[in-house]
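Chemist: Have a look at this one.
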Amino acid sequence: MLGYSLKEMSGQPQHSLIHHSRPDETPYPREECPIYAALKDGEVHNILDETFWKKDGSRFPVEYVSAPVYEDNVIVGAVVTFKDITERKKVAEELHRHKDHLEELVEERTLELKKSQKQLIHSEKLASLGKLTGSISHEFNNPLQGLRNIIDILSDSAPSDREVRLGDLGKKECDRMAKMIASLRDFYQPSLGKVSKIGINNCIEEAIILNSKALEQKGIQVKKNFSEKLPLIEVVEDQLKQVILNLIQNAADSISGEGQITCATETQESHITIKIQDTGSGFSEDDQEKLFEPFYTTKGIKGTGLGLSVSYGIVKDHGGSIEVESILGKGSTFTVSLPIKTE
């Protein structure tokens, strides 16, 4: 086991062989020697992991057991066994690595399940809200159409130009309400909009222009970090514009006084990412978990709680994802990821 011949071992202290100690070194402490302990107390001593040295200088682990030998109830010696446990330790270390890897997989899968559960709950809420808005829009639409017909009849027989103009105005308002009701119904239903190939950078540019007046009045600067080599992606253009517009407006609302909004785009493998970052008030961890839920708002009476939930539904319908990172009092970053669809 150690690589010595019997002649080389004969007469040598065993600790100098198995621990490579030299005569000029500090003597091996007898109290730590299992043989000495067995001779002293008459008990069996077992060391599960002791390191021994071979003649060539290499080391290996052993299981080390010493037991006293009795004659007429008197200890006359000791029996010592050494077992090379190199393979056992390798197996144990391998099992430990597998255990750590398994724990990592379990933790990873647990996080995925929790995320999927949250998304499922959110989708169920959206579906329930879709049924509610569909029912409400139907109930509103019928009396509204009846009212428009009455205004139409009265306008045809109106005695004065003023009443004709009022009738036309009434019909326009009815049509506008009908359009709003239809939009409410479509918020949580698959869009019938036409899919087309568009450039993301142009969409963001247009959204910034639409908000330019409000941003200028608040003293908010807009910084653009656009990738110049973005491929076109297939989306429903008006829906995607609605998402970007909503994110920019939310960023502006979160900034009190002067600040900055950074709009960035880049390609990541099979996806295009859009990042809208602001230097606003940020959100707490509790708020971040609920931001995409319908009717949840951090804007008080000014907010409807529908903007981000609608955006979430639109992005999901396009096969993408929308996430938020925020630090309370320092700002937020919304990241939209959309797949690049090829021919």
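Chemist: May I ask you to derive the FRET efficiency for GLU139 and SER160 from their Cβ-Cβ distance with R0 = 45 Å, giving the value to the nearest 0.05?
Modeler: After rounding to 0.05, the efficiency reads 0.80.
Chemist: Past 26 Å, Cα to Cα, is the threshold; run LYS7/LYS83; LYS7/LYS40; LYS179/LYS224; LYS115/LYS179 against it and keep the listed order.
Modeler: Pairs exceeding the cut-off: LYS7/LYS40; LYS179/LYS224; LYS115/LYS179.
Chemist: Next up: Can you work out the FRET efficiency for the pair GLU323 and LYS172, with r the C-beta to C-beta distance and R0 = 51 Å, to the nearest 0.05?
Modeler: 0.80
Chemist: Take the Cα atoms of the range 30-120, find their three principal axes, and give me the spread along each one in whole Å, biggest first.
Modeler: 78, 36, 19
Chemist: Enumerate the aspartates and glutamates that LYS316 could reach by cross-link, defined here as Cα to Cα under 20 Å, with residues fewer than 8 away along the same chain left out.
Modeler: Cα-Cα hits under 20 Å: GLU112, GLU124, ASP186, GLU234, GLU237, ASP238, GLU266, GLU269, GLU289, GLU293, GLU325.
Chemist: Given H placed 1.01 Å from N in the peptide plane, which residues other than close sequence neighbours of LEU328 have an amide H under 5 Å from its amide H?
Modeler: Under 5 Å from the amide H of LEU328 lie the amide H atoms of PHE283, each far enough along the sequence or on another chain.
Chemist: Quick query: amide H of HIS19 versus all other amide H atoms, modeled in the peptide plane; which residues come in under 5 Å with a sequence gap of 5 or more or a different chain?
Modeler: TRP53
Chemist: Right, another one. Provide the net charge surrounding LEU154, with neighbours chosen by a C-beta distance below 15 Å and charges set as Lys +1, Arg +1, Asp -1, Glu -1.
Modeler: -1
Chemist: Per residue and in Å³, how big is the convex hull formed by the alpha-carbon atoms of the range 207-247?
Modeler: 81
Read-outs throughout are calculated quantities, based only on the coordinates presented, and are distinct from any laboratory measurement. As the structure is a prediction and not an experimental result, all values here were calculated from the model. Glycine also receives a Cβ, built like all others from the backbone with ideal geometry; neighbour counts cover every protein chain displayed.
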